[in-house]
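See below for the structure under consideration.
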Amino acid sequence: MNNSGQTNYLDNDTKFKYNTAFEISNQPYLWRQTWQCIRNRENELRNFLDALYKKKDLVIILTGAGSSAFIGVALQGPFQKNTHMLTRAISTTDLVTHPDLFLQKERPTLLISFARSGDSPESIAAVNLLNELCTEAYHLIITCNARGKLAQEKNKENNLVFLLPPETNDKGLAMTASFTSMLLSGILISKIHHKDDLDSQVVSLASYGTNILENYSEKLKAISRKDFKRVVFLGSGPLLGTARESHLKLQELTDGKIICKHDSFLGFRHGPKAVIDKSTIVIYLFSNKKYPEQYERDLVSELCEQAQGMYSIGVSERLSERNYCLDLDIVMDERQESVDEEFLSVCHVLPAQILGYYKSLELGLNPDNPSESGVISRVVQGVKIYSY
């Protein structure tokens, strides 16, 4: 047990205790804490956003770098749907090199920045570029690090800094708890005007995460011992961003020794399907909505017939009537109640985190710092920012 009362599900039988194992295990607890942080600052968040939502032609840009950018990919559709505001996901790495393609001087713009450390050069540059190039520039900064440079924007006009619980500021190289907690905060903030059922949904989400950790960690550990070389993650809608993060997480934790890809269920047919061979694992991130499930079912059935010898894993809220040829079916709940689809984008990343952690150990790596050559680091290095 750790000091939050949560079980460390992944380190029970390993010689060394790793931060990454604790950070993965602690997520259901941190999701509840994140919701409490939102509730504690509800009035402040509502007042800040309400004033902006009244502005004509407001555009919202969701930004970040690496995993933080994938939060925007997962959140773009739900944020636009929930707020009725034009919303775009644009990474800081794109904003910094080509601000003229994305920023419109006369258009009011709210930049929602997601940042674990808040010290990445591109994250700071994106904030400065918005202030420089837009007449009406506003910032909502969602970060895990109270001491980061972005967190110091809190006392500036037209800015609001939202700090997550300090435990979300992962010590390990790979973003785990920070990714899911920032993504959850974005979902909850987008729904802050429709919060009647959010408490029950967060409780369900935490239950889903605990179920995965308790009942599937050992199964994923066993899979990590298999001799696979590639992993493909498929997800659609808000789960596309989760598929992209899952791709990065497993590849990052294995120091690139396992090559990963991601795509949507429909997009996978358009060329990327060529990567599948007998050394490939395909992981399906299933929606809980009936309409997209039709497209998911068709692709899975097709791959069952065409990709003999491929290992497959399904991640779903509950078992459906589908008859898929899955080698492992990760099911979160058997009740009839259901969370909104966007909440699945938070918990559906756990299997990739767990598999990545165990495969890292299997390969003789340190999950807290798997990059043996130092090519990647916890906070990006070597980026020089130029004047625009």
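Got a sec? Which of Arg297, Arg318, Arg269 is among the charged types (D, E, K, R) and closer than 27 Å to Ile24 by Cα? Even if it seems obvious, please write down each step before you answer.
On the way: Arg297 fails: closer than 27 Å to Ile24 by Cα; Arg269 fails: closer than 27 Å to Ile24 by Cα.
After applying the criteria, what remains is Arg318.
Look through Ala222, Ala206, Ala243 and report the one residue that is surrounded by 22 or more Cβ atoms within 10 Å (Cβ to Cβ) and either at pLDDT 95 or above or not assigned by TED's automatic domain parsing to the domain that holds Gly64 (or both). Write out each step before concluding.
Values: Ala222 fails: surrounded by 22 or more Cβ atoms within 10 Å (Cβ to Cβ); Ala206 fails: surrounded by 22 or more Cβ atoms within 10 Å (Cβ to Cβ).
One residue alone meets the criteria, Ala243.
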*From Ile187, Ile223, grab the single residue that is touching a residue at least 24 places away in the same chain (Cβ under 8 Å), part of a helix (DSSP H, G or I) and closer than 21 Å to Lys359 by Cα.*
Ile223
*Do you know which residues across the stretch 134-155 are in a helix (DSSP H, G or I) and out of contact with any Asp or Glu (no Cβ under 8 Å at 6 or more places or on another chain)?*
Ala151, Gln152, Glu153, Lys154, Asn155
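Within the stretch 265-322, can you find the residues that are part of a helix (DSSP H, G or I) and touching a residue at least 40 places away in the same chain (Cβ under 8 Å)?
First, pick out the residues of the stretch 265-322 that are part of a helix (DSSP H, G or I): 267-269, 272-275, 290-306.
Passing the criteria: Pro272, Val275, Pro292, Tyr295, Glu296, Leu299.
Restricting to the stretch 44-64, name every residue that is among the hydrophobic types (A, V, I, L, M, F, W, C) and surrounded by fewer than 24 Cβ atoms within 10 Å (Cβ to Cβ). If you could, list the steps in order and put the result at the bottom.
If we filter the stretch 44-64 for residues that are among the hydrophobic types (A, V, I, L, M, F, W, C), which is where we start, we get 45, 48-49, 51-52, 58-62.
Correct list: Leu45, Phe48, Leu49, Ala51, Leu52, Leu58, Val59, Ile61.
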*Could you tell me whether Tyr324 is surrounded by 15 or more Cβ atoms within 10 Å (Cβ to Cβ) and of a type in the set (Phe, Trp, Tyr)?*
yes
*asked:* Just to be sure I understand, how many residues within the stretch 259-295 are closer than 21 Å to Glu245 by Cβ, of a type in the set (Asp, Glu) and at pLDDT below 95?
replied: 0
*Taking the residues in the stretch 91-133 that are under 18 Å from the mean Cα position of the chain (by Cα) and assigned to a helix (DSSP H, G or I) as candidates, determine which candidate is nearest to Phe162 (Cα to Cα).*
Ser123
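Against the condition of a type in the set (D, E, K, R) and loosely packed, with under 15 Cβ neighbours inside 10 Å, how does Asp94 come out, does it pass? Don't jump to the end; show me each part of the working.
Working: of a type in the set (D, E, K, R): yes; loosely packed, with under 15 Cβ neighbours inside 10 Å: no.
Answer is no for this residue.
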*Would you check which residues across the stretch 190-203 are in a loop (DSSP other than H, G, I, E, B) and modelled with pLDDT under 95 and list them?*
Ile192, His193, His194, Lys195, Asp196, Asp197
*Which members of the stretch 226-264 meet the condition of being in contact (Cβ under 8 Å) with a residue 60 or more places away in the chain and charged (D, E, K, R)?*
Lys226, Arg244, Glu245, Lys249, Glu252, Asp255, Lys257
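The values are calculated or read from the model by the stated rules, or taken from the named source; none is laboratory data. Because the structure is predicted, anything quoted here is derived from the model rather than measured. Here the Cβ is made from the backbone with ideal geometry for all residues, glycine too, and neighbour counts use every protein chain on show.
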